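Here's the structure we're looking at; comments come further down.
The values are calculated or read from the model by the stated rules, or taken from the named source; none is laboratory data. Everything numeric here is computed off the predicted structure, so don't read it as measured data. A quick note on method: Cβ atoms are made from the backbone with ideal geometry, for glycine too, and the neighbour counts reach across all protein chains shown. Areas reflect the complete protein model, heavy atoms only, side chains present, ligands, DNA and RNA absent. Shrake-Rupley method; radii C 1.70, N 1.55, O 1.52, S 1.80 Å.
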Amino acid sequence: MAIRVGCFALINPFSLLENQLDQIKKWGFSAADLTDNTDGACLGVEYGFTALASLDANPFDIKRMFDSRGLALSCICAHANLLDPASPARYGTSQIIKGG
């Protein structure tokens with residue numbers, strides 16, 4: 001069985017996800033993760049200094065972003081504990097299910 005290893009997509013601080021993926025591709029990886037995700041809008045994305053992607057956005061936009069660089073999406077990092085209850089201050093179960 002082959003194992004696909006994706007690169008952590010937060011390698012350059014204060015840089016958009018697109019820039020992170022471009023660097024990962026230059027390094028020769030064939031896959032990357034969606035490291036930071038949110039369930040809503042983020043001003044950091046609008047002003048170009050964070051690599052967030054919304055789990056409520058059109059998933060095909062994220063797929064196209066990876067496909068256009070010839071990268072596979074290896075995982076969506078939840079950075080969460082599956083036992084934590086949903087809370088505005090925590091990454092909760094509903095967001096984890098949405099990521100899956």
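Just to be sure I understand the filter: pairs with C-beta atoms under 9 Å, separated by 6 or more residues or on different chains, first member in region 24-43 and modelled with pLDDT of 80 or more, second member polar (S, T, N, Q) and assigned to a helix (DSSP H, G or I). Which pairs pass?
32/20
Name the residue, out of 60, 49, that is at pLDDT 75 or above, within 16 Å of residue 10 (Cβ to Cβ) and open to solvent by 40 Å² or more (accessible area, probe 1.4 Å).
Every option except 49 fails the conditions.
Please work out which residue is modelled with the highest pLDDT, limiting yourself to region 78-100 and to residues that are among the hydrophobic types (A, V, I, L, M, F, W, C) and not in a loop (DSSP other than H, G, I, E, B).
Ranking the candidates gives 97 first.
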